[in-house]
Amino acid sequence: MRRRKYKYFAFLCILVYTYYFFGIHDYLNTKDFDETFNYPLNIDLNKVAKRILGGEKPGVTPINYYPYRFLTNSAKCGTVDQMDLFIVVKSAMNHFGHRMAIRKTYGQEDVIPGKIVKTLFFLGVERKKTLLQNVVDKEIDEYKDIIQMNFIDNYYNNTIKTMMSFRWVYEHCSTADFYLFTDDDMYISVKNLLDYVNKPVVTENPLLERDRNTYMSKLNELEEDKYKLHFSKPHKLDNSKEFENKFEQDRDRSNLDLQELKKDSKIDISKFLTGVNLIPKRKRDRSQTKQVLERERYNDIITNAMELKRDTYFYAGYVFKSAPLRLISSKWRVSLEEYPWNRWPDYVTAGAYTLSNKAMKTMYVASLFVKHFKFDDIYLGIVAKKLGIKPVHCADFYYYKKIYTKDAYKDVIASHGFADHEELLRVWYEQNGNGRMLPSP
């Protein structure tokens with residue numbers, strides 16, 4: 001009888017241990033994400049972000065401003081008014097070889113002719129200053145491309161590293177059209193990334209204020225045929241026969257149908273129309289004059305094309321749809337106190353992801369009002385969810401290491417697992433070298 005009691009007791013202990021060890025208790029007590037998600041602060045985050053970006057006071061006290069300092073700085077962004085891409089590389093202090101390999105590959109500033117691309121590395125510090133810090137100091141002095149911050153650099157501080165990086169680019173480098181945030185063991189093709197973000201249709205984001213697709217397609221048509229176009233520049237906006245003939249010739253040559261654009265209520269073209277006070281009263285003449293004015297401003301329209309593209313909440317990479325892990329022994333365990341819901345919001349894996357200018361700024365200022373979370377990719381997913389920004393899945397971002405062949409990497413934007421520096425150099429130059437010789441070790 002006593003033996004049987006011991007067996008029952010042992011079985012009960014094993015059952016209780018299993019119940020808590022595998023997080024069964026947590027799984028059974030999670031909240032429904034779709035019904036109850038309200039991660040603090042539970043406020044209209046869009047309204048608050050727009051106030052801040054508009055130069056107004058938010059009306060709400062921030063809860064998540066990280067109290068850390070930048071120990072170094074860089075003048076890279078001060079030398080240009082606008083750039084196509086800014087690359088933020090999250091790096092560990094002792095990854096000297098990783099950083100050097102990046103400087104020789106996608107971190108080169110002349111990597112894409114005609115495109116302005118800048119790269120900086122972001123590091124934390126050790127608990128105590130050691131010989132490692134001395135070596136990092138020498139690297140900083142030599143290359144001047146490292147931003148070091150005074151928080152302890154470890155895995156669970158990745159969110160701090162990420163959001164401090166956001167703060168630095170927001171405060172010191174806010175003019176890039178797009179931003180790429182990447183780990184230092186990724187293969188990156190800047191060319192493929194720029195091709196991707198500059199496509200006319202890059203997002204299904206419900207937060208877009210206007211649908212630019214039709215307008216951007218017209219701009220692309222114009223740019224492809226710009227050398228064949230001829231625009232009249234009449235000095236007098238009258239209704240003479242000569243003016244009408246010239247107008248008809250120009251209309252035939254032009255790919256831009258302003259009237260078609262006007263019919264699409266989702267497209268705001270008013271910012272590109274000038275000389276409204278010169279428009280004649282007669283309807284027929286007014287229509288003709290607007291089209292001539294629009295064609296005369298062709299160069300301005302092309303110049304502003306990128307402004308239209310980046311004026312969106314674009315946040316893209318490899319999108320995950322998953323649930324929290326409750327297993328006690330896992331380093332990715334999340335307790336109910338930390339996050340009580342049964343699934344994560346859609347999020348982009350932190351290895352590499354890209355944001356438009358507007359998305360970067362909005363997500364940074366919004367993060368000041370969103371409670372800290374220890375995993376940076378989940379945290380950004382939470383911020384995006386609260387803003388209503390839908391992460392865009394791009395299959396050319398690989399969170400794992402894609403098996404390499406020359407053809408297989410033709411369209412790859414990012415691939416994880418390139419800790420071997422020689423491998424990164426070999427693969428990158430084979431894909432992106434454009435005739436340049438592989439640098440000597």
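The values are calculated or read from the model by the stated rules, or taken from the named source; none is laboratory data. The model shown is predicted, which means the values in this text are computed figures rather than measured ones. FYI the Cβ positions are ideal-geometry reconstructions off the backbone, even for glycines, and counts take in every protein chain you see. The protein model used for the area step is the full one, side chains on, heavy atoms only, and it has no ligands, DNA or RNA in it. Shrake-Rupley method; radii C 1.70, N 1.55, O 1.52, S 1.80 Å.
Observations on the structure shown:
- Residue-count net charge about residue 325 - beta-carbon cut-off 13 Å; Lys, Arg +1, Asp, Glu -1: +3
- R0 of 25 Å, Cβ-Cβ distance residue 332-residue 403: FRET efficiency to nearest 0.05: 0.45
- Of the listed residues 404, 65, the order by accessible area with a 1.4 Å probe, largest first, is 65, 404.
- Summing charges over neighbours of residue 162, with a neighbour being any other residue whose Cβ is under 11 Å away from its Cβ, gives 0 when K and R count +1 and D and E count -1.
- Charge sum, other residues only, whose C-beta stays under 13 Å from residue 402's C-beta, Lys/Arg counted +1 and Asp/Glu -1: -1
- Between residue 172 and residue 323, the simple spin-label model (points 7 angstrom out along Cα→Cβ) gives 4.3 nm.
- Taking Cα centre as origin and charging only the Cβ of basic (Lys, Arg, +1) and acidic (Asp, Glu, -1) residues, the dipole magnitude of the range 30-164 rounds to 300 debye.
- Share of Cα-Cα pairs in the range 37-77 lying beyond 14 Å, as whole percent: 64
- Taking the convex hull of Cα positions in the range 48-134, its mean projected area over all directions (nm²): 8.6
- Counting only Cα atoms, the range 342-403 measures 41, 30, 17 Å along its principal axes, largest extent leading.
- Loop-located trypsin sites (Lys or Arg not before Pro) across the range 48-95 with a Cβ neighbour count of 10 or fewer within 10 Å are 69, with loop assigned by DSSP.
- Near residue 151, the amide H atoms lying under 5 Å from its own belong to 125; only residues 5 or more places off or on other chains count, and H is placed 1.01 Å from N.
- Pairs over the 26 Å Cα-Cα cut-off, from the set 118/331; 361/401; 191/371; 47/118; 115/410: 118/331; 361/401; 191/371; 47/118.
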